[in-house]
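Student: Below you'll find the structure I mean.
What follows draws every value from the coordinates through simple rules; no lab data is involved. No experiment lies behind these values; they were computed from the predicted model shown.
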Amino acid sequence: MDAIKKKMQAMKLEKDNALDRAAMCEQEAKDANLRAEKAEEEARQLQKKIQTIENDLDQTQEGLMQVNAKLEEKEKALQNGVPRPPRVRAAVIFGDPRLIWDRCPVFR
């Protein structure tokens, strides 16, 4: 009889240990799922940020192409004999950073 009681106690202890391990594994699985969800959300946010930056890059490149086209037109106009006003000529020679090209009628 004592052997049966000891065997039952051992089996109960083994069952309790198995239940504890199962609960611990379930908690670890929940934690892993939460980390995975957070990582996926972060990846989605980064993807949105990348898309926004790519859109900004496209717009900037388009603007650059337009400005380069205008610059080429102005350079052609200068090569075709349209003189620069003295202020612009002096600013180019002396590197005046305050020069606002948009105010110069040749560069509009």
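Student: Can you tell me which lysines have their Cα less than 18 Å from the Cα of Lys7? Leave out same-chain residues fewer than eight positions away.
Tutor: Those lysines meeting the cut-off are Lys15.
Student: Right, next: What is the extension gain from Ala29 to Ile53, computed as 0.36 nm multiplied by their sequence separation minus the C-alpha to C-alpha distance, in nm to one decimal?
Tutor: Numbers: separation 24, 0.36 × 24 = 8.64 nm, distance 3.57 nm.
Fully extending the segment from Ala29 to Ile53 adds 5.1 nm.
Student: Can you work out the base-10 log of I(q)/I(0) for region 9-78 at q = 0.18, 0.23, 0.25 1/Å, using the Debye formula on its C-alpha atoms alone?
Tutor: Evaluating at q = 0.18, 0.23, 0.25 Å⁻¹ gives log10 I(q)/I(0) of -0.83, -0.95, -1.00.
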